[in-house]
Amino acid sequence: MPHKTFFAFILPSLIAMALFIALPIVSVVVQSFHVEHGRILVEVESCQPFGGCTKETRVDTAAMAELKAEQPMGQFNGFGTYLNRGHLAVNEIGAILANNTGFGDIVTRIYNLPFYKALSFTLVFCFVVTPLAMALGFAIALAVNTLPKVTKGPVIFFSLLPMIITPLIGSLILYWMIQPNGIIGATLRHVFNDPTLSLRQSPALTWFSLLFYGVWTNAPFSFVVFYAGLQTVPADTLESAMIDGASRWERIRYIVIPHLAPLATFVALVQLMDNFRVFEPIVGFSAEANATSLSWMIFNDLAGDAQLFGSAGATSVLTIIGVVILLTPVLIRTWREFNHKVV
Amino acid sequence: MSQATLSHKRPLGLTILITAFIVVWVILAAFPFFWTVWGSFKVEPDFFSRESWWNAIFGVYTQRQNDGSAFTGSGYYGAWVTREFWRAVGNTAIVTVSVTVISLTLGTLGGYALARSGQRYAFWILILALVFRAMPHITLVSGYLLPFFQLNIWGVLPTSIIVLVAINQPFTLWMLHSFFLSIPKDLDESAMVDGCSRFEAFRRVIIPVMWPGVVTTGLFSFLLAYNDFAVTSMLLSADNQTMVPKISSFLGSVQEQGNVMFAVAAVVSATVPLFILVLFFQRQIVSGLTAGAVKG
């Protein structure tokens, strides 16, 4: 295809991506180097006929508005926002490392810094939910594959629901059920005979319920992909393995799993990308006291009355760096494969 | 796979185990939805019962408050009429339909070009799209806000629509690219030999055969726009909110006023279209999920 025709076809799509994906990334980087203007204070002397004069310091709103109109980004701050307590917290970490009572103490104190708290939950969510959801999805695929044809359709229908549901709505539905006065919460109280049990109160239980939600909503995707993969497992290989006396488990271990391995890489990649942006369940479960994520931090900075663009920008840049690190192995592999193909 | 021969030899214990596992999974996957739909027709002391969740099944308080009837539509009335949820439903309809139509139009053109180019830069565009696909949406949103305030285009539906279209492009391009690869090159090339220009060949030969792929991709574009929370909650003013951000803004206020059932009813209302979608397009959704996987 001639270059000109190619670009005529793809230009609208490229423009959309350049304007609303590439440019915002630049804008985020620029924002992250700026910080909100300090407040301009004026001293006002108010005199009353008999009370004498009093001096007051006030925020000069007119001057503030003018300054904001001139420099909407705020003032230049360099890497200041990145290094402050809300983000990488370099000074605080230095202090913790210099003065602590042991390894456990270091970990707890670093965990209490907002950025590291969010980062640890995001990473745990990514790397716990992804493998568990894939394992569950694989098990469901194996089981559904043995079902008679009549029941397959309805089972697939119900299995798709947790994946297709809007994340915020899905997490609200589960959240209402696990509340102390919801069905699961009440049942758990009954089972453990503990009338004060609440999944919201302890950080560990909050994390557990968020991870449970993650597996619930991620498993169907692995299931569908693996189920489609199972249909392509070569029948004669399986049969010859049976003739050689391979047990059911051995057939799965040595034929099915190697056959599905490329699919598993794909599923893992997609789910890691999606789980890294975990955000809606934290809003839905109102879990921000015990668990936060990088995306939630950005949302929180932007949603408040005083929108902290600088702070949100810095967290965004750090998140993007995280995404790139996560993607690097895939990019390198694709690059090698492509070169291989060309040569 | 020779399922028939295998299943004859399956021991009874294994069959029971498999059946039990499937039953547990289906309950796990579907029960929360049925429970919430059922509960949305009850009053709050029943659905969020402090005494026993049997109340939610029999509707003890609902009967007391409704002259003996165990079902009430008051949650729905409150959400749709009192809190004007219908407005959000209308906005969602506008946003999802526009996003789907626009992203498919741009995506088919771009995906077709990528599938037929074979140049090095086509590969790079695809890789770039993959990186863009991985960007968390909220990081992009934090880049939009200031410029949109400055340009005075914040808060209106068209801005959100175009943003969602752009965010959707990487995925649409990938999916349609692999779909067009499966349409034989000879088809449009023979049309060009017959004297069509590239665009005419696309219009006369490719468009008539591309609908299965477009429908599948369209489903996922629809879902992205429908399920979005990060973009619509930050970029729309309160009057223009779509369903999902509307529900999230419900939560704070209705909990204080003791109207949680409004939120429950709104949640169920927003779930129904998704149910219908899966019911009618199950096959396309499954094939769409696997198409990307099998080729990638």
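Kindly indicate whether A:Val150 is β-branched (Val, Ile, Thr), without any contact (Cβ under 8 Å) to a residue 40 or more places away in the chain and part of a helix (DSSP H, G or I). Yes.
Annotation note: of A:Leu136, A:Leu174, A:Leu119, the sole residue that is in contact (Cβ under 8 Å) with a residue 40 or more places away in the chain, buried (at least 19 other Cβ atoms within 10 Å of the Cβ) and facing another protein chain (nearest Cβ under 7 Å) is A:Leu174.
If you go through segment B:107-123 and keep only what is more than 8 Å from chain A (Cβ to nearest Cβ) and touching a Phe, Trp or Tyr at 6+ places or on another chain (Cβ under 6 Å), you end up with B:Gly111, B:Ala115. When we screen B:Leu187, B:Leu289 for residues that are among the aliphatic types (A, V, I, L, M), assigned to a helix (DSSP H, G or I), out of contact with any Asp or Glu (no Cβ under 6 Å at 6 or more places or on another chain) and more than 9 Å from every other protein chain (Cβ to nearest Cβ), the only hit is B:Leu187. Of everything in segment A:293-306 that's touching a Phe, Trp or Tyr at 6+ places or on another chain (Cβ under 9 Å) and within 8 Å of another protein chain (Cβ to nearest Cβ), which residue is farthest from B:His137 (Cα to Cα)? The residue in question is A:Asp301. Candidates in segment A:148-163 are the residues that are more than 7 Å from chain B (Cβ to nearest Cβ) and among the aliphatic types (A, V, I, L, M); of these, the one that is surrounded by the most Cβ atoms within 10 Å (Cβ to Cβ) is A:Met163. For segment A:180-191, a residue qualifies if it is polar (S, T, N, Q) and within 7 Å of chain B (Cβ to nearest Cβ), and exactly one does: A:Asn181. The residue pairs whose first member lies in segment A:15-27 and is without any contact (Cβ under 8 Å) to a residue 40 or more places away in the chain, whose second member is buried (at least 21 other Cβ atoms within 10 Å of the Cβ) and among the basic types (Lys, Arg), and whose beta carbons are closer than 9 Å, counting only pairs six or more residues apart or on different chains, do not exist in this structure. All of (1) buried (at least 17 other Cβ atoms within 10 Å of the Cβ); (2) modelled with pLDDT of 90 or more hold for A:Ile183 with one exception: (2). The residue that is nearest to B:Asn259 (Cα to Cα), among those in segment B:64-77 that are surrounded by fewer than 19 Cβ atoms within 10 Å (Cβ to Cβ) and modelled with pLDDT of 85 or more, is B:Tyr77. Scanning segment A:175-220 for residues that are polar (S, T, N, Q) and more than 30 Å from B:Ser287 (Cβ to Cβ) yields A:Gln179, A:Asn181, A:Thr187, A:Asn193, A:Thr196, A:Ser198, A:Gln201, A:Ser202, A:Thr206, A:Ser209.
Output yes when any residue across segment A:122-139 is more than 20 Å from the chain's Cα centre (by Cα) and within 23 Å of B:Leu274 (Cα to Cα), and no when none is. Scanning segment A:122-139 turns up at least one residue that is more than 20 Å from the chain's Cα centre (by Cα) and within 23 Å of B:Leu274 (Cα to Cα). Checking A:Thr166, A:Thr196 one by one, the residue that is more than 10 Å from chain B (Cβ to nearest Cβ) and either surrounded by fewer than 22 Cβ atoms within 10 Å (Cβ to Cβ) or under 22 Å from B:Thr271 (Cα atoms) (or both) is A:Thr196 and no other. Taking segment A:283-319 as the range and being part of a helix (DSSP H, G or I) and touching a strand residue (DSSP E or B) at 6+ places or on another chain (Cβ under 9 Å) as the test, the residues that pass are A:Phe309, A:Gly310, A:Ser311, A:Gly313.
Which residue is modelled with the lowest pLDDT, if the candidates are limited to segment B:1-55 and must be exposed (fewer than 12 other Cβ atoms within 10 Å of the Cβ) and outside any helix (DSSP H, G or I)? Result: B:Ser2. For segment B:157-204, the set of residues classified as without any contact (Cβ under 8 Å) to a residue 12 or more places away in the chain and buried (at least 19 other Cβ atoms within 10 Å of the Cβ) consists of B:Ala166, B:Arg198, listed by residue number. Taking the numbered list (1) modelled with pLDDT of 85 or more; (2) within 14 Å of chain B (Cβ to nearest Cβ); (3) not in a helix (DSSP H, G or I) in turn, A:Arg85 passes all entries but (2). Here the condition is being facing chain A (nearest Cβ under 7 Å), among the aliphatic types (A, V, I, L, M) and touching a residue at least 12 places away in the same chain (Cβ under 8 Å); of B:Leu126, B:Leu104, B:Leu140, B:Leu146, it holds for B:Leu140 alone.
The values are calculated or read from the model by the stated rules, or taken from the named source; none is laboratory data. As the structure is a computational prediction, the values presented were derived from the model and not from experiment. Here the Cβ is made from the backbone with ideal geometry for all residues, glycine too, and neighbour counts use every protein chain on show.
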